[in-house]
Amino acid sequence: MTKDQGLMSWKELAPGMYILEPGNSAKFKTGDWRSHRPVLDKEKCIKCGQCYLLCPEPAYEPNEEGYYICNLYYCKGCGICAAICPKGAITMVLEEA
Amino acid sequence: MGKRVAKEVSIAVADAVGQCRVDVISAYPITPQTHIVEHLAELVNNGELDAEYIPVESEHAAMSACIGAAAAGARTFTSTSAQGLLFMYETLSIASAFRLPIVMVIANRSISAPISIWNDLSDVMTTRDFGWIQTFAENGQEAVDLVYHAYRVAEKCLLPVAVNLDGFIVTHVVEPIEMLEQELVDKYLPPLKMKYKLDPKKPITMGAIGVPEVYTEAKKALDEAVKATYKVVVQAWKEFEKISGRRYQPVETYRMDDAEVAMVIMGSLAETACNAVDELRAKGKKVGLIRFRLWRPFPMQDFLKALRKVKALCVVDRAVSHASTGGPVGIEVRSALYQSNKRPRVVNFIAGLAGRDVTKDDFIELFERTFEAISKKPKFSYEIYGVKE
C-alpha cells in the first residue's frame, strides 16, 4: 500500500495483499487513535533521551537543538515517555475531539 | 499411452505427488489419509524423492509449515482427513488469502462426533468458503490425474487446491492406474516460479494487518482471483488431455440428453448411481446423472447447461448442514437455479454418511421418489435418507 490511509482500489493491491515496499509502515498515520498526547516542557528537559530510547513506536526523534521531539503522526499516547522522564518534563494532555 | 498397473490408490496418489517433484511435504497421519503420507515418507527416506519431509506435531502445524515453505517459493504438499482438516481450519483461509499454491489431498472422512473413520464429505464441506480450488475424484485414475492437474492450476493461479477423494472407498482400493510418464509430468509442470516470495534479498511482507480501509478490497481481490481460476482449471484439463488422452471437465454428465430426472452427486458414489441410471433407462425411464468434479470455483454455466430439459433434480448430499435449507450441494444447486430461468424441482437427500452403503437399489428408490416430486411438491426441504426409525 502506498497511499496514506490505505484508501485504494482492490485492483491496485498486490496479490495476497503483500507489502512490496519494506518499511512502508512509516508512511501510515498510526497516531490517529490517541486519547492523550505528550507535551514537553523544555525548561525541565535535560536531553537525556530516555523518552527516545523507550518509546515503543519509536515516535521520538532528536532535533537540531538536541531535544527529543515526539512525532504525533505515529504517537499512540501510551505515556511511557511521561512515566520514564526523570525530570517530569513530559505531561500527558487530553486530546480534544 | 502409459502402462496400466494395479496399485492402491493412496500409493498411486503419493507416487503422483512425487512425480510432481515437490520440495516440501508436511503432514500428520490420520486415517484414511495415512497410506498417502506414509508412502511419501518412504520415497523420501529411500532417496527416491528429493524433498524435505516435515513430520509435524499436528495438522495445524502441517498447513502452517506448507504456508511458510510455499511463501518461500517451495512446491508443497499435505494431506489430511476429517478432524485433521478441522484442526487445520485456522490456517486454511490464510493459505488462500496469501495466494500460495499449496496442494492438499483430502481423504474425505466424516467428522466427529460420534467418532467415525468412514467416508462422507462432511469434512471438506466446512471449508468451501475459503477460496481454495476444490476438485472431487470419482475413482483412482481420476484422483491421480487430479493431483497433476492441481499443481498445474495452483501454480498458474497462485491459489491452493484441495483434491478430494473418498476415504477407503477410493483411497484403499486397488485399481488399474496409468501413471503419467515422468517426462510428461515435467513438461506439464515446469519448475515453480513465484513473482513474489519471502526472500531476504528482496524483502516483502505477507500477512500485514487489514484495517477496515483495506480489508474489503483484499477480499474483493481474492474473490476475483478465485473466480478467474475457472478458465485456468478448464485449460489445464485440456492440456492434460493432450498429454494423457484422458478428458476431464468441470461437470460430468451421464445419459442427460433427454433426461427428465437427473441425479446430482459428487465423488465415488456416482459410479453406483450410473448403474442405477442404466437399469432405469433399460426400463424406459428418462434419467441421467450430473457430477461435480469442480466444486470451487462453482461451475455455474456448466451446471446450468448440463440440466438440458430436466423436470426434477435429485441432489444427493453426503454432509449435513444442520437445520438449514438443505445439504451443502442442495443449497448451492437451489441458489444457482434461482439465478437462472430453469426451475426444475429440487429434491435433496442426504445419504451415505460415514460410509453407510448407498446401493444401486437405493439410487433407484431416490430416482423414483424424485419422479413423484414432479407432480407433487415434497413437504421437506431435505431429508436424511435411510434412517432407521
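Looking only at the stretch B:52-68, decide whether some residue is under 18 Å from residue B:132 (Cα atoms) and aromatic (Phe, Trp, Tyr).
We begin by selecting, within the stretch B:52-68, every residue under 18 Å from residue B:132 (Cα atoms); these are B:59-60, B:62-68.
Adding the requirement that they be aromatic (Phe, Trp, Tyr) leaves none.
Scanning the stretch B:52-68, I find no residue that is under 18 Å from residue B:132 (Cα atoms) and aromatic (Phe, Trp, Tyr), so the answer is no.
Residues in the stretch A:49-70 that are of a type in the set (S, T, N, Q) and surrounded by 14 or more Cβ atoms within 10 Å (Cβ to Cβ): 1 in all.
Could you please let me know if residue B:224 is over 30 Å from residue B:314 (Cα atoms), within 14 Å of chain A (Cβ to nearest Cβ) and acidic (Asp, Glu)? Yes; evaluated as a whole, the condition is true for this residue.
Evaluate the stretch B:176-190: report whether one residue or more is surrounded by 16 or more Cβ atoms within 10 Å (Cβ to Cβ), within 24 Å of residue B:293 (Cβ to Cβ) and at the interface with another protein chain (Cβ under 9 Å from one of its Cβ atoms). No. Considering only residues in the stretch B:227-260 that are within 21 Å of residue B:189 (Cα to Cα) and within 14 Å of chain A (Cβ to nearest Cβ), the one that is surrounded by the fewest Cβ atoms within 10 Å (Cβ to Cβ) turns out to be B:228. Selection over the stretch B:203-221 of residues that are in contact (Cβ under 8 Å) with a residue 24 or more places away in the chain and either of a type in the set (S, T, N, Q) or facing chain A (nearest Cβ under 8 Å) (or both) gives a count of 2. Which residues, counting only those in the stretch B:290-325, are farther than 19 Å from residue B:369 by Cα and either at pLDDT below 95 or of a type in the set (Asp, Glu) (or both)? Matches in the stretch B:290-325: B:302, B:308.
Residue-by-condition table, conditions (1) touching a Leu at 6+ places or on another chain (Cβ under 7 Å); (2) among the polar types (S, T, N, Q); (3) under 17 Å from residue A:92 (Cα atoms); (4) without any contact (Cβ under 8 Å) to a residue 12 or more places away in the chain:
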| position | (1), (2), (3), (4) |
| --- | --- |
| A:16 | no, no, no, yes |
| A:20 | no, no, no, yes |
| A:37 | yes, no, yes, no |
| A:55 | no, no, yes, no |
| A:65 | no, no, no, yes |
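The set of residues in the stretch B:102-116 being without any contact (Cβ under 8 Å) to a residue 60 or more places away in the chain and farther than 17 Å from residue B:149 by Cα consists of B:111, B:112, B:113, B:114, B:115.
The set of residues in the stretch A:29-54 that are closer than 13 Å to residue A:73 by Cβ and within 11 Å of the chain's Cα centre (by Cα) comprises A:29, A:30, A:31, A:32, A:34, A:37.
Under the condition of being out of contact with any Gly (no Cβ under 7 Å at 6 or more places or on another chain), small (Gly, Ala, Ser) and either within 14 Å of another protein chain (Cβ to nearest Cβ) or not in a loop (DSSP other than H, G, I, E, B) (or both), the residues counted in the stretch B:95-129 number 1.
Applying the criterion of being within 25 Å of the chain's Cα centre (by Cα) and at pLDDT 95 or above to the residues of the stretch B:339-351, the residue that is nearest to residue B:309 (Cα to Cα) is B:346. Only a single criterion out of (1) within 14 Å of residue B:365 (Cα to Cα); (2) free of Cβ contacts under 8 Å to residues at least 60 places away in the same chain; (3) out of contact with any strand residue (DSSP E or B) (no Cβ under 7 Å at 6 or more places or on another chain); (4) not aromatic (Phe, Trp, Tyr) is not satisfied by residue B:308, namely (1).
Answer with yes or no whether residue B:18 is assigned to a helix (DSSP H, G or I), in the same structural domain as residue B:108 (by TED's automatic domain parsing) and within 17 Å of residue B:182 (Cβ to Cβ). Please lay out each step first, then the result.
On the way: assigned to a helix (DSSP H, G or I): yes; in the same structural domain as residue B:108 (by TED's automatic domain parsing): yes; within 17 Å of residue B:182 (Cβ to Cβ): yes.
So residue B:18 fits the description; yes.
Listed here are the residues, each with its yes/no results for (1) out of contact with any Asp or Glu (no Cβ under 9 Å at 6 or more places or on another chain); (2) over 25 Å from residue A:24 (Cβ atoms).
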position: B:186; (1), (2): yes, yes
position: B:196; (1), (2): yes, no
position: B:210; (1), (2): no, no
position: B:232; (1), (2): yes, yes
position: B:242; (1), (2): yes, yes
position: B:256; (1), (2): yes, yes
position: B:277; (1), (2): yes, yes
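With respect to residue B:36, determine if the residue is within 14 Å of chain A (Cβ to nearest Cβ), in a helix (DSSP H, G or I) and not small (Gly, Ala, Ser). No: the conditions fail for residue B:36.
The values are calculated or read from the model by the stated rules, or taken from the named source; none is laboratory data. Quantities reported herein were computed from a predicted structural model and do not represent experimental measurements. Using ideal geometry, Cβ is built from the backbone for each residue, glycine included, and neighbour counts are taken over all protein chains shown.
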